1. If I go through the stretch 1-11 residue by residue, how many of them are at pLDDT 95 or above and touching a helix residue (DSSP H, G or I) at 6+ places or on another chain (Cβ under 7 Å)?
2. Starting from residues that are surrounded by 20 or more Cβ atoms within 10 Å (Cβ to Cβ) and more than 18 Å from the chain's Cα centre (by Cα), keep the ones in the stretch 13-48 and report whichever is modelled with the lowest pLDDT.
3. May I ask you to list the residues in the stretch 152-188 that are closer than 17 Å to residue 119 by Cα and in contact (Cβ under 8 Å) with a residue 60 or more places away in the chain?
4. Name the strands (runs of 3 or more DSSP E) wholly within the stretch 189-257 that hold at least 3 residues that are in contact with a strand residue (DSSP E or B) (Cβ under 8 Å, 6 or more places away or on another chain) and touching a residue at least 40 places away in the same chain (Cβ under 8 Å)?
5. Identify all residues within the stretch 119-151 that are farther than 18 Å from residue 100 by Cα, touching a residue at least 24 places away in the same chain (Cβ under 8 Å) and not in a strand (DSSP E or B); write none if there are none.
6. Which condition number does residue 166 fail, the rest of (1) surrounded by 24 or more Cβ atoms within 10 Å (Cβ to Cβ); (2) assigned to a loop (DSSP other than H, G, I, E, B) being met?
7. Just wondering, is there one or more residues in the stretch 49-58 that are under 25 Å from residue 233 (Cβ atoms), exposed (fewer than 15 other Cβ atoms within 10 Å of the Cβ), free of Cβ contacts under 8 Å to residues at least 40 places away in the same chain and more than 16 Å from the chain's Cα centre (by Cα)?
8. Name the residues in the stretch 174-192 that are under 18 Å from the mean Cα position of the chain (by Cα) and at pLDDT 95 or above, would you?
């Protein structure tokens, strides 16, 4: 059930420069949220800016949800100023999340590929996956942009990192690291890839999954003004026609999309 509700801010802290984690009390959203879903947030206290901001659900604990966001503009700048005890107008949980569980998984390893802020929904997913069965690949331009490594390790994941400038881990794109890991057989025989990040990264993941014959689920990052499928501002082309990222997505099977 989609809810429009007022959620109390429990905590809103800057974890590294310009990156914040916020905990919100929202029992009904917490009770139904799935990894890969998101909320639409009214960032300002007085209704400005007009459009809500879509933000992935980063985690759920009891009656609270957690979001992880980067300050990149006016909306997220206003969100960063919100204090504990304030009420935040949110709609959620929205969208189609990741598929996981025994009904779709054979025994084998899982690979999570995160580019930049793509870590946000994948941490929530990692919490739900079998412990010690997932390898997480995190990419960033430089070492300071390798995000949430400790969160993934907390859930029993092995983590490898890639930086464009070689300041940490594998030098190159995270998709180059993915290709290297799969071709060297580091994780045995992976049965599923999950990915979230910039579109060029997801396009590359899709190509690798097709070449290696490993299914992949990708979470698209698009501008989603309404979040409920009404404005048609986030439509993408698929093999079965045009689909809305906020409604039929943001998670799609990689081979379903026309890249």
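The values are calculated or read from the model by the stated rules, or taken from the named source; none is laboratory data. Owing to the predicted nature of the structure, the values given are computational and were not obtained by experimental measurement. Neighbour counts are summed over all protein chains in view; Cβ atoms, including those assigned to glycine, are modelled from backbone coordinates with ideal geometry.
1. Summing the residues that are at pLDDT 95 or above and touching a helix residue (DSSP H, G or I) at 6+ places or on another chain (Cβ under 7 Å) in the stretch 1-11 gives 0.
2. The qualifying residue modelled with the lowest pLDDT is 43.
3. Passing the criteria: 174, 175, 178.
4. Details: elements: 190-196, 216-219, 235-238, 241-244, 251-253.
The strands (runs of 3 or more DSSP E) meeting that bar are 190-196.
5. Here is the first cut: in the stretch 119-151, the residues farther than 18 Å from residue 100 by Cα are 137-151.
Filter again for touching a residue at least 24 places away in the same chain (Cβ under 8 Å), leaving 137-145, 147-148, 151.
Selection gives 141, 142, 143, 144, 145, 147, 148, 151.
6. Evaluating residue 166 over (1) surrounded by 24 or more Cβ atoms within 10 Å (Cβ to Cβ); (2) assigned to a loop (DSSP other than H, G, I, E, B) leaves (1) as the failure.
7. Within the stretch 49-58, one or more residues are under 25 Å from residue 233 (Cβ atoms), exposed (fewer than 15 other Cβ atoms within 10 Å of the Cβ), free of Cβ contacts under 8 Å to residues at least 40 places away in the same chain and more than 16 Å from the chain's Cα centre (by Cα).
8. Initial filter on the stretch 174-192 (under 18 Å from the mean Cα position of the chain (by Cα)): 174-175, 178, 192.
Across the stretch 174-192, the qualifying residues are 174, 175, 178.
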